[in-house]
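A.B. asks: I'd like to ask some things about the structure below.
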Amino acid sequence: MTAEGLPMVVPASDLPARVRIHEVGARDGLQNEKRAVPTEIKAEFIRRLADAGLTTIEATSFVHPKWVPQLADAEQLFPLISGLPGVELPVLVPNQRGLDRALALGADRVAVFASATESFAKANLNRTVDESLAVFAPVVRQAKDAGAHVRGYVSMCFGDPWEGAVPLHQVARVCTALRDMGCDELSLGDTIGVATPGHVLELLSLLNEERVPTNMIGVHFHDTYGQALANTYAALEHGVTTVDASAGGLGGCPYAKSATGNLATEDLVWMLHGLGIETGVDLGRLTATSVWMAAHLDRPSPSRTLRALSHKDQ
């Protein structure tokens with residue numbers, strides 16, 4: 001591990017005292033892997049993440065196996081990890097059938113996955129933006145009636161590989177639609193990693209003007225252009241306290257080929273701990289978990305912090 005006292009804690013003013021990390025490695029991180037990951041390895045991955053102190057771990061997705069074959073074992077996986085104490089295990093549900101499957105297994109936190117652009121809605125959901133929102137409305141309503149917490153993902157919030165720059169009002173329209181249908185939380189996705197800090201602040205400010213409160217918003221940055229931590233810092237300055245990240249920087253998007261890995265949880269934790277922001281995460285255990293998973297995937301992690309700490313251990 002690293003030398004004692006590093007990272008040195010130097011708090012910055014006007015930042016949140018605590019950040020909730022929404023860990024997406026087991027779902028978003030593994031969905032694009034070419035190699036099949038055995039169900040028990042996935043379950044052990046989630047258990048180790050929980051042991052490292054992560055309390056929100058997105059477990060899997062109840063999509064049709066044809067579309068995301070890597071997550072075809074959702075019914076087998078969820079019972080193996082559903083009893084973890086103090087850990088929330090949200091799952092992705094693309095439609096009514098997916099929600100029914102999730103609720104039948106006792107899931108009490110679900111997520112729907114919308115797009116801010118027509119091109120990605122067509123590629124990912126095979127529907128227009130409005131058609132996909134119409135599909136989600138009864139899903140959200142049924143989930144809320146069942147007592148579930150609902151997260152609304154919005155992808156392509158900052159740029160689209162087919163359409164280029166995405167107008168802020170276009171993103172706000174989808175966000176407010178999800179808010180109005182009953183979503184408890186929104187996650188703003190920089191799916192291809194093109195956001196910059198000023199862009200992030202402008203979108204967050206517009207959403208506030210549209211009566212989407214900051215405490216309802218999470219951010220989900222990809223590190224394609226090395227901007228994920230800078231963008232996260234901007235979101236923290238605005239008051240955001242929920243940040244998505246993926247252990248070891250795993251992830252991408254099977255429907256947007258320019259999307260590279262998610263913000264690595266280790267890199268995020270290093271920055272947050274240096275700022276004196278509480279996460280509840282043990283960086284050593286988290287690093288060990290990501291090294292363990294990288295060995296199962298037979299490739300190195302893109303996380304800079306993980307590489308630095310692993311190098312020091314050699």
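The values are calculated or read from the model by the stated rules, or taken from the named source; none is laboratory data. No experiment lies behind these values; they were computed from the predicted model shown. Glycine gets a Cβ as well: all are built from the backbone with ideal geometry, and neighbour counts include every protein chain shown. What goes into the accessible areas is simple: the full protein's heavy atoms, side chains included, and nothing from ligands, DNA or RNA. Shrake-Rupley method; radii C 1.70, N 1.55, O 1.52, S 1.80 Å.
A.B. asks: What FRET efficiency comes out for the pair Thr214/Arg18, r = Cβ-Cβ distance, R0 = 22 Å, nearest 0.05?
C.D. replies: 0.90
A.B. asks: If you don't mind, another one. Got a sec? Charge dipole of segment 55-165, +1 on Cβ for Lys and Arg, -1 for Asp and Glu; which of Val150, Leu92, Ala107 is way out at the positive end?
C.D. replies: Ala107
A.B. asks: For segment 130-155 and segment 31-74, what is the separation of their Cα centres, given in Å?
C.D. replies: First find each Cα centre; the distance between them is then 22 Å.
A.B. asks: With the other protein chains left in place, how much accessible area per residue, in square angstrom, belongs to segment 28-106 at a 1.4 angstrom probe?
C.D. replies: It amounts to 43 Å² per residue over segment 28-106.
A.B. asks: Would you work out what percent of the accessible area of segment 156-196, with all protein chains in place, is carbon or sulfur (probe 1.4 Å)?
C.D. replies: Ligands and nucleic acids excluded, carbon and sulfur give 56 percent.
A.B. asks: Further question: Quick check: net charge around Asp244, other residues with Cβ under 9 Å of its Cβ, Lys/Arg +1 and Asp/Glu -1?
C.D. replies: Once all neighbours under 9 Å are counted, the net charge is -3.
A.B. asks: Tell me what the chain gives for mean residue ellipticity at 222 nm when only DSSP H runs of n ≥ 4 count, each as -39,500 (n - 2.57), the sum divided by the residue total, rounded to 500 deg cm²/dmol.
C.D. replies: Value at 222 nm, helices only, nearest 500: -12500 deg cm²/dmol.
A.B. asks: Give me the number: length gained by fully extending Asn126 to Trp162, i.e. 0.36 nm times residue separation minus the C-alpha to C-alpha distance, one decimal in nm.
C.D. replies: 11.4 nm
A.B. asks: Moving on. By the gyration tensor of its Cα atoms, with a ≥ b ≥ c the square roots of the eigenvalues, what is the shape of segment 24-104: rounded for a/c under 1.5, prolate for a/b over b/c, or oblate?
C.D. replies: Cα axes put segment 24-104 in the oblate bin.
A.B. asks: Is segment 1-43 rounded, prolate or oblate when judged by the Cα gyration tensor, a ≥ b ≥ c being the square roots of its eigenvalues, rounded requiring a/c under 1.5 and prolate requiring a/b larger than b/c?
C.D. replies: Because a/c hits 1.5 or more and a/b exceeds b/c, segment 1-43 counts as prolate.
A.B. asks: Count neighbours as other Cβ atoms within 10 Å of each site's Cβ, and list the trypsin sites (Lys or Arg not before Pro) in segment 111-207 that are DSSP loop with at most 15 such neighbours.
C.D. replies: Arg127
A.B. asks: Just how large is the dipole of the chain about the Cα centre, in debye to the nearest 20, putting +1 at every Lys and Arg Cβ and -1 at every Asp and Glu Cβ?
C.D. replies: 580
A.B. asks: So, one more: Accessible area per residue of segment 157-314 at 1.4 Å probe, in Å²?
C.D. replies: 39
A.B. asks: What is the gain in length, in nm to one decimal, between Asp100 and Arg285 on full extension, counting 0.36 nm per residue of separation less the C-alpha to C-alpha distance?
C.D. replies: 63.1 nm
A.B. asks: In debye, nearest 20: dipole of segment 136-278 around its Cα centre with unit charges on the Cβ of K, R (+) and D, E (-)?
C.D. replies: The dipole of segment 136-278 has a size of about 360 debye.
A.B. asks: Given R₀ = 25 Å, what would the calculated FRET efficiency be for Tyr225 paired with Ala146, taking r from the Cβ atoms and rounding to 0.05?
C.D. replies: 0.05
A.B. asks: Let me ask something else about it. Residues of segment 133-165 with amide nitrogen under 18 Å from the 7 Å Cα-to-Cβ point of Thr196?
C.D. replies: 157-161, 164-165
A.B. asks: Could I ask something else about it? Can you give the percent of C-alpha pairs in the chain whose distance is more than 35 Å?
C.D. replies: Beyond 35 Å sits 13 percent of the P(r) for the chain.
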